[in-house]
Amino acid sequence: DTATFTINPKAATITLTGTSKTYGENDPDLSKQASVTGTEKSETLAYTVKREAGENVDDYVMSIELSTTADVNKNYSITLGQATFTINQRAITVTGSGLGTKDYTGKEYSTAEVTFSVTVYHGLSRIVNLCVCHTLEHEVP
């Protein structure tokens, strides 16, 4: 007589913890956001943690992609988690120069040409320079 012996896959779970970055920075190592439960001590599941594409300030879905070629994954019935990856706004500093004053001239209307520059910084890095030239006209009380 012969008997058939069946080995059923063991239940395992890969859980993700959400994470974030600041706009303009590199993504953190997303693999560190995953934790695995249910596997045998000597076995490691083969997977990659990915996130939805995008670099603007917003929330993106983090997900798990299982390796289709790793034999170890075939031993498990794997439940996959999802989480949120958030890109936060970047803090910037804006400084201006060349903003002078115009003396009262006694006229009903005064026209003054104003030139000023604005520099935007993030930390010590200059992001952009602007030079604005504009004619201002205002009523004198």
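The values are calculated or read from the model by the stated rules, or taken from the named source; none is laboratory data. These figures come from a predicted structure and were not determined experimentally. Don't worry about glycine lacking a Cβ; one is built from the backbone with ideal geometry, like all the others, and counts go over all protein chains shown. Protein only, heavy atoms only, side chains kept; ligands, DNA and RNA dropped before computing areas. Shrake-Rupley method; radii C 1.70, N 1.55, O 1.52, S 1.80 Å.
For the range 1-69, the list of chymotrypsin sites (Phe, Trp or Tyr not before Pro) that fall in a loop by DSSP and count at most 10 other C-beta atoms within 10 angstrom reads Phe5.
Tell me, what % of the accessible area of the range 1-84 is carbon and sulfur with a 1.4 angstrom probe?
On the way: 2690 of 5940 Å².
C and S atoms contribute 45 percent here.
Note on Tyr23/Glu65: beta-carbon distance plugged into 1/(1 + (r/R0)^6) with R0 of 35 Å gives a FRET efficiency of 0.85.
Quick one: divide the alpha-carbon radius of gyration of the range 1-92 by 2.2 N^0.38 Å and tell me what you get. Each step should come with its number before you reach the end.
Working: Rg = 17.7 Å, N = 92, 2.2 N^0.38 = 12.3 Å.
Rounded to two decimals, the normalised Rg is 1.44.
Lys21 exposes around 10 Å² of accessible area when a 1.4 Å probe is run over every protein chain in place.
Taking amide H as placed 1.01 Å from N in the peptide plane, Gly18 has its amide H under 5 Å from the amide H of Thr84, each at least 5 places away in sequence or on another chain.
Note down the relative contact order for the range 1-42 as a percent, whole number, built from C-alpha pairs under 8 angstrom at least six residues apart. Walk me through the numbers on the way to the answer.
Values: 28 pairs, mean separation 20.3, N = 42.
After rounding, I find 48 percent.
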